[in-house]
Amino acid sequence: MIDPYQLLGLERDADEAAVKAAYRKAAKSAHPDAGGDLDAFGRLNASYELLKDPVRRRVYDDTGYDPQLADATDLKGLMMLETLVNEMILDERAPGSFDPVAGLRRKLTDDLLKARFHILELERHRTRVRQHADRIGRRPENDVLGAMLRARAQSITEAIKGAETQISAIERAYAMLEGYSYELEAVGPRGPEAEAAE
């Protein structure tokens, strides 16, 4: 992910005029006509486009990601976290009485295990389909069964690729949670009433 502020040599609170001035200064030497690298100039333009758009800039400032500059796996990971954060916000338990960050991690771990198990099931199913195709003996000129079985094996292969993409997004979402912790309410000492209730 490109850091547009770093690339343009700007502070995070730079105003529109400062963004424009920094871009013009950098563009003079980075432009391919001035001997600059085409890819570097493209990154410079992308950074400028992000920072001059107030909506995109706000999203980037809040999340560290821009849909037009971010890796597709990062965006899928963010979308997964967005859904989980919505669930966390709707949880009726009192903040501090449970650890929502640990809950996010558990949910992602469960989703990861389910996706891996799903791939195993798909691979077993694809193997069975291929074995059936291999055992069909007499094949007429118009091999309807063979075509159907090959098409089924191909669709299973596509489903496996989709599940692998899902796993990458889950792993990315989990990595985005690194470094976070959550402070739980301290449970006071147990009084005689609590002990008597047991």
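The values are calculated or read from the model by the stated rules, or taken from the named source; none is laboratory data. Small disclaimer: the values here were computed from a predicted structure and weren't measured. Don't worry about glycine lacking a Cβ; one is built from the backbone with ideal geometry, like all the others, and counts go over all protein chains shown.
Summed over region 13-50, the residues that are free of Cβ contacts under 8 Å to residues at least 24 places away in the same chain and either surrounded by fewer than 11 Cβ atoms within 10 Å (Cβ to Cβ) or of a type in the set (Lys, Arg) (or both) give a count of 11.
Does region 51-67 hold any residues that are part of a loop (DSSP other than H, G, I, E, B), of a type in the set (Asp, Glu) and over 13 Å from GLU16 (Cα atoms), and which are they? It would help to see each step written out before you state the result.
Step one: list which residues in region 51-67 are part of a loop (DSSP other than H, G, I, E, B), which gives 53, 64-67.
Retained after the next criterion (residues that are of a type in the set (Asp, Glu)): 53, 66.
Passing the criteria: only ASP66.
Scanning region 42-68 for residues that are at pLDDT 85 or above and more than 13 Å from LEU8 (Cα to Cα) yields a count of 8.
None of ASP71, ASP91, ASP99 is closer than 22 Å to ALA175 by Cα, at pLDDT 90 or above and among the charged types (D, E, K, R) except ASP99. Selection over region 68-104 of residues that are exposed (fewer than 14 other Cβ atoms within 10 Å of the Cβ), part of a helix (DSSP H, G or I) and among the acidic types (Asp, Glu) gives a count of 2. Restricting region 1-41 to residues that are modelled with pLDDT of 90 or more and basic (Lys, Arg), the residue that is nearest to ASP71 (Cα to Cα) is ARG12. Among residues of region 110-137 that are free of Cβ contacts under 8 Å to residues at least 60 places away in the same chain, those with a beta-carbon under 9 Å from a residue that is outside any helix (DSSP H, G or I) at least six positions away or on a different chain give the pairs ILE136/ASP143.
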